[in-house]
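Each value in this text was obtained by applying a stated rule to the coordinates, not by laboratory testing. All values derive from a computational prediction rather than experimental measurement. Note: ideal-geometry Cβ built from the backbone for every residue, glycine included; neighbour counts use all protein chains shown.
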Amino acid sequence: MTAALFNDLPREERLAVARRGAAHYSGQLALVDNADFGEPTLLEGWTRSHLIAHVAYNAAALCNLMHWATTGEKTPMYASPEARGKEIEFGATLIPDALRNLHDHTIARLDVAWRDAPEEAWSHQVKTAQGRDVPAEETLWMRTREVWIHAVDLDVTAGFGDIPEVVLRTLLHEIPGKWAGKNVGEDLVLVEEGGAGERVAVTEGAGTEVRGSLAGLVRWAAGRGAQGVDTDAEPPRWL
């Protein structure tokens, strides 16, 4: 039997995991000195300033979706992919204290948007930046994934082993699903050693096994390195 995934949890538990992730990410950010905002992250081409701006603007974008769900007024996450990129590039030019303020403000806004959303808003259909139609409660997973992974990307002290098991297991299934949707990595099978011992194949009949711990498999599949897995292969892109 497959272990519980994120969307199997009651909403209050999903909210708690998302808020824990936000606190975890905020704690990593607090460890970064202002002088080190220009240092590289685990994301190629992005400094910490780029990443901090991105995570903050992501919270604001999810506030747009919650506004849409609550009021019925169509408010996309971003005006366009180009506008999203320009926003991040602009944010990366802000001084560290301004970026910290941006982070604090947007993280609080999103938390309030979730807190004050009426029951009917959670099932209201909204559209993600990738064009998927989803219920507004999908913002809980979107933000959870964002903050737990990007806490690692800041390259301070966090690792994939810090991420809750339910988040890792959900990613273990989601990432191969994304590959399958893009017709890449069709022969890959992620094999968990220990734990629940899950096997997640990209397609039926796939035979190229990548073995490792749960955290190691998700780290590798998410493109953050091959520690904890037995493979020399590079994973396909998933987002």
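GNM remark for the chain: springs join alpha carbons under 10 Å apart, and the peak mean-square fluctuation among Glu165, Glu138, Glu119 falls on Glu119. Averaging 1/r across all pairs of distinct Cα atoms in region 198-239 and inverting the result yields a Kirkwood radius of 10.7 Å.
Given R0 = 45 Å, the distance between the Cβ atoms of Val184 and Asn101 translates into a calculated FRET efficiency of 0.70.
On full extension of the chain, what length is gained from Glu89 through Glu165, given 0.36 nm per residue of separation minus the C-alpha to C-alpha distance?
Numbers: separation 76, 0.36 × 76 = 27.36 nm, distance 3.33 nm.
Net length gain for the segment: 24.0 nm.
Region 1-65 and region 79-139 have Cα centres separated by 11 Å.
Tell me, in nm to one decimal, what length is gained between Glu82 and Leu5 on full extension, where the rule is 0.36 nm per residue of separation less the Cα-Cα distance?
Working: separation 77, 0.36 × 77 = 27.72 nm, distance 3.31 nm.
Net length gain for the segment: 24.4 nm.
In the chain, helical runs assigned H by DSSP with n ≥ 4 each contribute -39500 (n - 2.57); averaged across all residues and rounded to the nearest 500, the mean residue ellipticity at 222 nm is -16500 deg cm²/dmol. Among Asp116, Asp104, Asp155, the ranking by other beta carbons within 10 Å of each residue's beta carbon, starting with the fewest, stands as Asp116, Asp104, Asp155. Over region 45-103, the hull volume per residue, using the convex hull of the C-alpha atoms, is 72 Å³.
Checking understanding here: applying a Kyte-Doolittle mean of at least 0.5 and a length along the axis of at least 27 Å (C-alpha), which whole DSSP H helices in the chain pass?
none
Note on region 110-236: Kirkwood radius taken over Cα pairs, Stokes-Einstein applied at 4 °C and 1.567 mPa s, translational D equal to 81 µm² s⁻¹.
In a reduced charge model with +1 at each Lys and Arg Cβ and -1 at each Asp and Glu Cβ, region 164-230 shows a dipole moment near 260 debye about its Cα centre.
Of Phe160, Phe90, Phe37, how do they rank once you tally other Cβ atoms within 10 Å and put the fewest first? Don't skip to the answer; put the middle values down first.
Working: Phe160 25, Phe90 11, Phe37 21.
Lowest to highest Cβ neighbour count: Phe90, Phe37, Phe160.
In the distance distribution for region 164-230, Cα-Cα pairs more than 14 Å apart total 51 percent. Ordering Tyr57, Tyr25 from the fewest to the most neighbouring beta carbons within 10 Å gives Tyr57, Tyr25. Of the residues Ala79, Val152, Val184, the one whose Cα sits farthest toward the positive end of the charge dipole of region 42-201, with +1 on the Cβ of Lys and Arg and -1 on the Cβ of Asp and Glu, is Ala79.
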